[in-house]
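Readers should treat all values here as calculations from the given coordinates under stated rules, not as data from a laboratory. Note that the coordinates shown come from a computational prediction; the quantities given were computed from them, not determined experimentally. Every residue, glycine as well, gets a Cβ built from its backbone with ideal geometry; the counts of neighbours run over all protein chains shown.
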């Protein structure tokens, strides 16, 4: 079912309006937040659903990006004259395809790069924004009877940021999406250690409403939010345990464990699956080695150390 086949659901919190993407923003779609300030209209990210909202979205004057990935840029082509603000950790990824490839960890000359570019252009209306302006942690935007503050929460990407509309206490937590998949930190700019710190800090962000980019949608009950955040966080330790189980059975290289189902189901056809699993395993194994739980031999096979 295409999202355009059904009316777009939305929920208001004062001057904050949340539009739900298809299946509550399940990837490849996302959930769209618009802020109706008395002086300025702002959008948090621009997922696919942005293309179906119409005049209300198209009147956006400023886009505040929580982070940069293809699915969060899908409506930018509709806003050629809007200001686009991106945390400095992600701004180069917004400005050019070369910058996006660097953040993903893919050489722009790689044939897969051109395959992805065509797919992103077709499926996400992808167009870079060389005019993107950088912001820093703690940045504030006064929109008139609405104010947004940036809380830098890296891990998913280097610049991943939680955006909070402070008047209503609505936090857009982006791709800390609390889904059953768990945290994603498989890009070159991602960081497992940063994600761990982010997940520990997130409950301290002052908010009464939490909105995810994908699938979960809106939380208005803090206990439900904290419960799902704990389950989401637990996926990291589950991955540690899965890797340790594989290595206990027999020493293995990262290449041998890629495709065994750490992130994606065995046989998954996601084009970036191999690179994402490799990057994810490298980070987990580095932590486990530092903790003395595994060690690599000269052939880069990892052995379990009891």
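Miscellaneous remarks
- Binning all Cα-Cα separations of the range 238-304 at 10 Å, short to long from zero, yields these whole-percent fractions: 22, 57, 20, 1.
- Label-point gap, in nm, between residue 297 and residue 181 - each point 7 angstrom along Cα→Cβ: 3.6 nm
- Degrees between helix 222-249 axis and first principal axis of the chain (Cα, 0 to 90, nearest 10): 20 degrees
- The simple spin-label model puts a point 7 Å past each Cα toward its Cβ; for residue 227 and residue 140 those points are separated by 3.6 nm.
- The calculated P(r) of the range 187-237, using every Cα pair and 10 Å bins from 0, goes 20, 54, 24, 2 in percent.
- Inter-probe distance in nm under a simple model that places probes 7 Å from Cα toward Cβ, at residue 238 and residue 55: 4.6 nm
- Cα long-axis angle, helix 111-124 against the chain (0 to 90 degrees, to the nearest 10): 30 degrees
- Equivalent ellipsoid semi-axes - Cα gyration tensor, the range 129-247, angstrom: 27, 18, 11
- Compared with the dominant principal axis of the Cα atoms in the chain, helix 192-201 is inclined by about 50°.
- Cα centroid separation, the range 39-96 to the range 198-229: 22 Å.
- Extension reserve of the residue 119-residue 248 stretch, reckoned as 0.36 nm per residue once the Cα distance is removed: 42.5 nm
- Convex hull volume per residue for the range 183-280, taking Cα atoms only, in Å³: 120 Å³
- For the range 8-79, the Rg and Dmax computed from alpha carbons only, in angstrom: 11.0, 32
- Across the range 89-156, the volume of the C-alpha convex hull divided among the residues equals 114 Å³ per residue.
- Computed over the chain, the quotient of the alpha carbon radius of gyration and 2.2 N^0.38 Å is 1.02.
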